[in-house]
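All remarks here apply to the structure that follows.
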Amino acid sequence: MQATDLQLSDLDLAFINNFQGNFPLQERPFLSIAARLNCSENELLRTVEKLKSEKILTRFGPLYDAARLGGGLTLAAISVPQKNYDIVAEQVNSFPEVAHNYKREHELNMWFVLATETPDEIAQVISSIEKTTGLTVYNFPKQQEFYIGLWLHLSADGKHTTIPVPHPEEHPFDNELSNENYRLDSIDRKLISVTQSGFPIEHSPYQSIAENVGITQGEVLQRLKRLLSIGIIRRIGAVPNHYKLGLTANGMTVWDVDASKVSELGNLIGQLDFVSHCYQRPQRLPMWRYNLFAMVHGTDKNEVYEKVKQIEHLLGENCKAHETLFSSAILKKTGLRLVA
């Protein structure tokens, strides 16, 4: 579906384009945004609720970094016989640790993200999935992160561009609160548990969160600012449904490059404005020769292939081989789920 089919209003566009991050951390955040977008607070609330109900936004709220939370996070894949695909998908999706699951056009045709409370649990969950499905799970943990972030910009004529995530607002704290080694306490964990599926869309969302957590609104705001400042929260805002908005071609490009140059090349690819994620992951020879992963999005496969050519040109003779794995179905998409 193309963005033009959605008949997005000027207010829809303004909200999506400006608030995929930097959602205000203040008592009446929607009131503040409404003043900037020249609408009433109630009109804005109705707009955001509509965008969610129509699944134009997959969620609205903080994006948490599972690794910074001290948990385990990995990408895994299985080669599933087509005749058993639906059964295996149901089996894999039944594991609460499976945050995302995609069908991809490749011999390895099921790719899923595992998020666990502790790093050690990753191996346990993989073993359980193998026993349940009777299939080998190939584990591709992140070895280096070169870039993560995608900010979608829509124009009134339905065209779109993808741009790097703008720099977040700064939230100053004293040295103790800004320490990256900050340990989550029980209140932080409850706050994350309450907000990981998104914020309530109402006049005073932080007050509702405070009541659920059992602390004051002021403390909710302070803790969210702290988590954002130290990177446990990547950003706070709207998460657009790229499929709904016309980015229906989702290509996971994978590259075989020399291990001694993977850092240099990964940082180079990560700077491209159409790359949303770029990582080094391990090879699994002889099945899997690729060690550099870069996600590329487009309105169709041809657009993605044109972008892949740009990466190929950038890598030059450093690229030994590459493939593009397109997703053909979203099997599961729930995101991080932390138990308080």
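The values are calculated or read from the model by the stated rules, or taken from the named source; none is laboratory data. Not measured: the values here are computed from a predicted model. Cβ placement follows ideal geometry from the backbone for every residue including glycine, while neighbour counts extend to all protein chains displayed.
For segment 41-59, the criterion of being among the hydrophobic types (A, V, I, L, M, F, W, C), surrounded by 13 or more Cβ atoms within 10 Å (Cβ to Cβ), touching a residue at least 60 places away in the same chain (Cβ under 8 Å) and closer than 29 Å to VAL254 by Cα is satisfied by at least one residue.
Limited to segment 115-135, what total is found for residues that are assigned to a loop (DSSP other than H, G, I, E, B), surrounded by 15 or more Cβ atoms within 10 Å (Cβ to Cβ) and modelled with pLDDT of 95 or more? Count: 1. Scanning segment 51-100 for residues that are on the phi < 0 side of the Ramachandran plot, under 15 Å from the mean Cα position of the chain (by Cα) and not aliphatic (A, V, I, L, M) yields a total of 9. Restricted to segment 262-294, and to residues that are modelled with pLDDT under 95 and in a strand (DSSP E or B), which residue is surrounded by the fewest Cβ atoms within 10 Å (Cβ to Cβ)? Filtering segment 262-294 for residues that are modelled with pLDDT under 95 and in a strand (DSSP E or B), the one surrounded by the fewest Cβ atoms within 10 Å (Cβ to Cβ) comes out as HIS277.
Restricted to segment 182-226, and to residues that are hydroxyl-bearing (Ser, Thr, Tyr) and outside any helix (DSSP H, G or I), which residue is farthest from GLY237 (Cα to Cα)?
At the first step, the residues of segment 182-226 found to be hydroxyl-bearing (Ser, Thr, Tyr) are 182, 186, 193, 195, 197, 204, 206, 208, 216.
Among the residues that remain, those that are also outside any helix (DSSP H, G or I) are: 182, 197, 204, 216.
Working: TYR182: 23, SER197: 12, SER204: 15, THR216: 22 Å.
Among those residues, the one meeting the criterion is TYR182.
With the structure loaded, tell me whether PRO24 is free of Cβ contacts under 8 Å to residues at least 12 places away in the same chain and closer than 30 Å to TYR138 by Cβ or whether it fails that test.
Working: free of Cβ contacts under 8 Å to residues at least 12 places away in the same chain: yes; closer than 30 Å to TYR138 by Cβ: no.
Criteria not met by PRO24.
One residue stands out in segment 189-206 among those that are surrounded by fewer than 21 Cβ atoms within 10 Å (Cβ to Cβ) and more than 22 Å from PRO240 (Cα to Cα): the one that is modelled with the lowest pLDDT, namely ARG189.
Residues in segment 202-259 that are aromatic (Phe, Trp, Tyr) and within 20 Å of PHE19 (Cα to Cα): TYR206, TYR243. ILE209 fulfils the conditions (1) touching a Phe, Trp or Tyr at 6+ places or on another chain (Cβ under 8 Å); (2) closer than 19 Å to PHE60 by Cα; (3) crowded, with 18+ Cβ neighbours inside 10 Å; (4) in contact (Cβ under 8 Å) with a residue 24 or more places away in the chain except for a single criterion, (4).
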